[in-house]
Amino acid sequence: ERPEREQEENLGKLVESLSLEPGMVVADIGTGSGRIAVMMAEKLGSNGKVLAVDVQDEMLSLLSKKLKQKNITNIEPILGTPKSPQLKPASVDMALIVDVYQKFEYPYEMLGEIAAALKPGGRVAFVEYRKEDPKVRRMIKLVHTMTEKQVKREAALPEFGLTWKKTVDVLPVQHIVIFEKKTAAQRATNSKQ
């Protein structure tokens, strides 16, 4: 909720870059105070929904209070676990992971669960501080950064069924690395090859 966060990270540009459409279901993994979830909820409209996932119950309690105060009804707080976001299979059009992936206790298990929650053709967006950028390495602890190559290597494991689509470099210090879940037809084609 830091006021300078918009200038540092340009959250408005981040949300614009996600190509959200009204009616989508988006999971905000590691939602924290829900600032980005609230921004996305506006874009999704009353027929869309943000599933605001966090492993800290106190963060979800704060978010619930904020939602009541602002009368926001299309955000659902969900208490995840270190190994699972607790999302239903094939229920999500997009999962957004902002500066959280490298903090997962169980990244392999968590990403497997996130991939399973995506609908065929659904997307997952990793937003991570650019480890490749010397400026970022001076301002952010190295352990809280990831290179694009590292994100691609970890998310492209065959068991997740994810394919890299694009990397968007419009943010001051982070990259947005977007993967898409293969459809049944794409999986069948890959298994024949």
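Considering only residues that are within 11 Å of A37 (Cβ to Cβ) and of a type in the set (D, E, K, R), look in the stretch 54-94 and name the one that is surrounded by the most Cβ atoms within 10 Å (Cβ to Cβ).
D54
If you take the residues in the stretch 101-122 that are charged (D, E, K, R) and more than 16 Å from T183 (Cβ to Cβ), which one is surrounded by the most Cβ atoms within 10 Å (Cβ to Cβ)?
Of all residues in the stretch 101-122, those charged (D, E, K, R) come to 103, 105, 109, 113, 119.
Those still in the list that are more than 16 Å from T183 (Cβ to Cβ) too: 103, 105, 109, 113.
On the way: K103: 12, E105: 10, E109: 14, E113: 20.
Per the criteria, the residue is E113.
Among the residues of the stretch 37-50, is any under 21 Å from A115 (Cβ atoms), in a helix (DSSP H, G or I) and modelled with pLDDT of 95 or more?
Checked the stretch 37-50: at least one residue is under 21 Å from A115 (Cβ atoms), in a helix (DSSP H, G or I) and modelled with pLDDT of 95 or more.
Just a yes or no: is a residue in the stretch 170-180 at pLDDT 85 or above, out of contact with any Asp or Glu (no Cβ under 7 Å at 6 or more places or on another chain) and exposed (fewer than 14 other Cβ atoms within 10 Å of the Cβ)?
So far as the stretch 170-180 goes, yes, one or more of its residues are at pLDDT 85 or above, out of contact with any Asp or Glu (no Cβ under 7 Å at 6 or more places or on another chain) and exposed (fewer than 14 other Cβ atoms within 10 Å of the Cβ).
Can you give me the number of residues within the stretch 79-99 that are free of Cβ contacts under 8 Å to residues at least 40 places away in the same chain and within 30 Å of K131 (Cα to Cα)?
So in the stretch 79-99, the residues free of Cβ contacts under 8 Å to residues at least 40 places away in the same chain come out as 79, 81-84, 86, 88-90.
After this cut, where a residue has to be within 30 Å of K131 (Cα to Cα) as well, the list is 79, 81-84, 86.
The number of residues fulfilling the criteria is 6.
Taking V98 as the residue in question, decide whether it is surrounded by 14 or more Cβ atoms within 10 Å (Cβ to Cβ) and within 25 Å of R35 (Cβ to Cβ). Can you show your working first?
Values: surrounded by 14 or more Cβ atoms within 10 Å (Cβ to Cβ): yes; within 25 Å of R35 (Cβ to Cβ): yes.
Yes, satisfied.
All but one of (1) open to solvent by 80 Å² or more (accessible area, probe 1.4 Å); (2) closer than 22 Å to G121 by Cβ; (3) not acidic (D, E) hold for I29, so report the exception by its number.
For I29, the failing item is (1).
Please identify the pairs in which a residue from the stretch 127-139 that is within 25 Å of I29 (Cα to Cα) has its Cβ atom under 6 Å from the Cβ atom of a residue that is assigned to a helix (DSSP H, G or I) and aliphatic (A, V, I, L, M), counting only partners at least 6 apart or on another chain.
Y129/V136; R130/V136
With the checklist (1) open to solvent by 10 Å² or more (accessible area, probe 1.4 Å); (2) within 16 Å of the chain's Cα centre (by Cα) in hand, flag the one item V151 doesn't pass.
(1)
Being within 11 Å of the chain's Cα centre (by Cα) and hydroxyl-bearing (S, T, Y) is the filter here; which residues of the stretch 15-52 pass it?
The one that is within 11 Å of the chain's Cα centre (by Cα) and hydroxyl-bearing (S, T, Y): T31.
The values are calculated or read from the model by the stated rules, or taken from the named source; none is laboratory data. Since the model is a prediction, treat every value here as computed from it, not as a measurement. Methodologically, a virtual Cβ is constructed for each residue, glycine included, from the backbone with ideal geometry; neighbour enumeration extends over all protein chains shown. Please note that ligands, DNA and RNA were not included when accessible areas were found on the heavy atoms of the full protein model with its side chains. Shrake-Rupley method; radii C 1.70, N 1.55, O 1.52, S 1.80 Å.
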